[in-house]
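Let me begin by presenting the structure, written as structure tokens, before commenting on it.
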Amino acid sequence: MPKIPSAAVAVALAGGFLGGCAATSSDLPTLAAAPTPAVAGPAAPTGDAALDTFLADLAAAIGLHDWAAVAAALDPAAYGARVAPGRPAPPAGAAPDEAARAVIAEALGLSVPLDAIRVVTLRAAERGPGGAVAVTGDVRRDDGAHRPISFSVRRGAGGAYHVEVPGT
């Protein structure tokens, strides 16, 4: 039997889907071995529908540990300059390597290992000078400890929002 993606397991459990399925004992270790994804809490509404959608999608990607999607939300020029100077960008959807994961953690203001995140809550998004939006919140780790998360979001030339990458 193929492994069920962890997000599908969480959704199925939350909806009671598995309760009505006929599962054999050989199926149970496969389901039990799937890691539980993190949970994303909502950001406070900003009044900007595009920004609210961007933040909700970003929180969901962090919550699901979809680091490729999180990397795609970073400023592409700055991310490329930090992660792969002189090298072609990895294909869309490719899992980020350790250098990329370090840039993701730095851009999000995180000092915890990315895969230790269990709950992410974006609490505030405030516009500052120059059009940047300061986003703050917290994450809960595997061990139950809470750590802050903070980053800046800016609208790019094409109109889409992206997370700024420090040091570029």
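With respect to ASP97, determine if the residue is without any contact (Cβ under 8 Å) to a residue 60 or more places away in the chain, exposed (fewer than 13 other Cβ atoms within 10 Å of the Cβ) and more than 16 Å from the chain's Cα centre (by Cα).
Values: without any contact (Cβ under 8 Å) to a residue 60 or more places away in the chain: yes; exposed (fewer than 13 other Cβ atoms within 10 Å of the Cβ): yes; more than 16 Å from the chain's Cα centre (by Cα): no.
Against the criterion (without any contact (Cβ under 8 Å) to a residue 60 or more places away in the chain, exposed (fewer than 13 other Cβ atoms within 10 Å of the Cβ) and more than 16 Å from the chain's Cα centre (by Cα)), ASP97 does not qualify.
Among the residues of segment 160-168, are any part of a helix (DSSP H, G or I) and modelled with pLDDT of 80 or more? Can you show your working first?
Restricting attention to segment 160-168, the residues satisfying the condition of being part of a helix (DSSP H, G or I) are none.
The answer is no, given that none of the residues of segment 160-168 is part of a helix (DSSP H, G or I) and modelled with pLDDT of 80 or more.
Do we find that GLY109 is modelled with pLDDT of 90 or more, of a type in the set (Gly, Ala, Ser), open to solvent by 20 Å² or more (accessible area, probe 1.4 Å) and in a loop (DSSP other than H, G, I, E, B) in this structure?
yes
To keep it simple, each residue is scored yes or no on (1) modelled with pLDDT under 80; (2) open to solvent by less than 10 Å² (accessible area, probe 1.4 Å); (3) within 23 Å of GLY167 (Cα to Cα); (4) out of contact with any helix residue (DSSP H, G or I) (no Cβ under 9 Å at 6 or more places or on another chain).
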{"position": "VAL39", "(1), (2), (3), (4)": "yes, no, no, no"}
{"position": "ALA50", "(1), (2), (3), (4)": "no, no, no, yes"}
{"position": "ASP57", "(1), (2), (3), (4)": "no, no, no, no"}
{"position": "ALA89", "(1), (2), (3), (4)": "yes, no, yes, no"}
{"position": "ALA105", "(1), (2), (3), (4)": "no, no, yes, no"}
{"position": "ILE117", "(1), (2), (3), (4)": "no, yes, no, no"}
{"position": "GLU126", "(1), (2), (3), (4)": "no, no, yes, yes"}
{"position": "VAL133", "(1), (2), (3), (4)": "no, yes, yes, no"}
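The values are calculated or read from the model by the stated rules, or taken from the named source; none is laboratory data. Please read these numbers as outputs of a predicted model, since none were measured by experiment. Because the Cβ atoms are built from the backbone with ideal geometry, glycine has one as well, and the counts that use them run over all protein chains shown. Each accessible area value is taken on the protein alone, full model and side chains, heavy atoms only, with ligands, DNA and RNA left out. Shrake-Rupley method; radii C 1.70, N 1.55, O 1.52, S 1.80 Å.
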